[in-house]
Amino acid sequence: MNSSFSTVTKNKLVSSFENIELAILNAIDDYENTHDKEKLNREFGMTMQLLNGFAKNLSEEISLGFAEGIFYEPYLYCDKEVAQEMQSVLRGIIQLLIELMDKIAKTIEAELDEESILFLRHLLGELSLSIRFDIVSLPETVIEGKADIGNIYAQLNRINIHNNDHIVVKNLWQNSGRRRLPIYSAKDVAIVMQGPVDYERDFTLETLMRYRKLYPDAMIILSTWYGEVNENLRHLLRAIDIEIVENDIPINRGPSNIACQLDSSLFGIEKAKQNEDIKYVLKTRTDQAFYLPDFLLYFRNMLSTYPVNNENMKSRLIFLGTHGSMCNYPFRITDFMAFGEIEDVTKLYGAPKKFGRLEFTQSDPEIKNAHYYYVLKRALVDSFFDSCNMDEVSRRQVVDKIGKTQDPESFLIQSFCERVVYGKSITSDDDALMLYWKFIKNCAIFIDPDELLFFWDKYGSKYIDISSNVSEGGLTHAAWMSFYYWDI
């Protein structure tokens, strides 16, 4: 960039304000425990100085970084309109900082009551979100002596030419942005983010911050384990109205920790059910994010467009396509996310903890690891085209090859189908693959991760975007549409 303002600069401002925010919140917390007003006044006095310094630094950085006429190649030209917009953002943040300092000054002179505590928390949360997301910024793509994205592009180009193929870089931009985030209403939706907190680069925190900025009236819940949430995280989430549900880790975690997933999902959903406004729920994970801004609206619109064709369900369930969601592996749908009406999602994660048919309960090493390898093997031919050319004999042969044991993903969906969709156990006498296809056709929707700008902060997915064209599993959105219109 041709100016001193970049995502690196913005992140420094975010970190600087977060330190001040935590100092204020910790001082409040300490006062609630000790009622030491003299100590509170000292700490508030120091934060007043820090806030003044922060306001000055912020003003200088934005005024310099968004001077009219600067060209941020190739993403943004800072013309008069952009410069004025950023100055408007700056004025809004400064106004909030003035309100914050005014309230702190009055608190030093008077008692700190519950109303004042709530006001301060809310104001700190609003400031934290505005500094993160209202200021546009672009990433620094050259790190002197360490890395240069131009060299990465050049190397990719050589690899592409060598293979006559296309490997590309995908900009997801968690903290960078060429436009301000929009704000949507979704007060009938709860987001339940379950699992252990991902503290690496504050991934869980930053994802929750992003969701709160996008959906200020949605109910957002972090459902995790006792001991996962440190006090700083607790303070920062409370300031932006994120509910925290802390659970005991099950004594019997089950194969592949499936009991942990069921409990943290279900307890988070039960919390959402206490809010009478909630009609829909999204179950997602602490190490995953959707960077498509209007993803919740997209989900709701899909449910309105495609009514469920089963009397035992309120609406269809939306799942992530590919990433192990398969056309020709019975009930094999990735468990990364599920969206639907809250009654249906509750039933999905209310599976009985009877894990006898799960592969990892078996003693034979070949059986214990068979399903992942079978997913990789079936991925070679997994497609709707392969499905529609199977007769019953072929379908049963596929099921026989997979065997009687299951991985957690297929266990979860088959359990739902047995308890809710079909109301009976699915046995070897049934045409399991056909029952699975009818579930796909009548009860589900699949959306590709590419479309949702999905990111998984784990394994190679941190660096490589596995598009639906090369992912494990051929159950893409396009394949689902073919199932939807297939006369079976």
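Where a number appears in this text, it was derived from the coordinates with a stated rule and is not lab data. For clarity, every value in this text was computed on a predicted model and none was experimentally measured. Neighbour counts run over all protein chains shown; Cβ positions are idealised from the backbone, glycine included.
Considering only GluC sites (Glu not before Pro) in DSSP loops that have at most 14 other Cβ atoms within 10 Å, the longest stretch of the chain without any of them is 312-488. Expressed as a rounded percentage, what relative contact order does the range 278-434 have, with Cα pairs under 8 Å and six or more residues apart? With pairs under 8 Å counted, the relative contact order is 27 percent.
Given a cut-off of under 8 Å on Cα pairs at least six residues apart, what relative contact order in percent is computed for the chain? Write down the numbers at each step before the final one.
Working: 706 pairs, mean separation 65.5, N = 488.
In percent, rounded to a whole number, it is 13.
My understanding is that a pair violates if its Cα-Cα distance is over 22 Å; which of LYS273/LYS314; LYS170/LYS462; LYS273/LYS441 do that in this structure? Over 22 Å Cα-Cα: LYS273/LYS441. Overall shape: prolate for the chain, with the ratio a/c of the largest to smallest alpha carbon gyration tensor axis at 1.5 or above and a/b above b/c.
Quick check: from the Cα gyration tensor, does the range 7-133 come out rounded (a/c under 1.5), prolate or oblate?
Details: a/c = 2.90, a/b = 2.65, b/c = 1.10.
Here the range 7-133 falls in the prolate category.
From its DSSP helices (H runs of at least four residues, each -39,500 (n - 2.57)), the chain gives a residue-normalised ellipticity at 222 nm of -15500 deg cm²/dmol. The phi torsions of the range 170-175, fed into the Karplus equation with coefficients 6.51, -1.76 and 1.60 and a -60° offset, translate into couplings of 10, 8, 9, 6, 5, 9 Hz, rounded to whole numbers, with Gly and Pro shown as x. Between GLN194 and SER223, THR284, ARG285, THR286, the built amide H atoms are under 5 Å apart, and every one of these is 5 or more places off in sequence or on another chain.
Please report the antiparallel percentage of the DSSP beta bridges confined to the chain, to the nearest 5. Write out the running numbers ahead of the final one.
Numbers: 13 of 34 bridges.
In the chain, approximately 40 percent of DSSP beta bridges are antiparallel ones.
Note: relative contact order over the range 7-133, using C-alpha pairs below 8 Å and six or more positions apart, is 30 percent.
Enumerate the amide H contacts of ALA444 below 5 Å, restricted to partners 5 or more residues apart or on another chain; note that Pro and chain-start residues carry no placed amide H. Residues meeting the criterion, in which the H sits 1.01 Å from N, are LEU317.
Looking at the chain, do any whole DSSP H helices span at least 27 angstrom along their long axis by alpha carbon and average 0.0 or above on Kyte-Doolittle, and which? Each step should come with its number before you reach the end.
Values: long enough: 7-34 (39 Å, -0.16); 37-65 (41 Å, -0.45); 80-109 (43 Å, 0.25); 114-133 (29 Å, 0.59).
Taking the DSSP H segments of the chain (at least 27 Å long, mean hydropathy at least 0.0), we get 80-109, 114-133.
Quick check on the range 270-323: take the gyration tensor over C-alpha atoms, sort the square-rooted eigenvalues as a ≥ b ≥ c, and tell me if it's rounded (a/c under 1.5), prolate or oblate.
Details: a/c = 1.63, a/b = 1.14, b/c = 1.43.
Note, shape of the range 270-323 comes out oblate.
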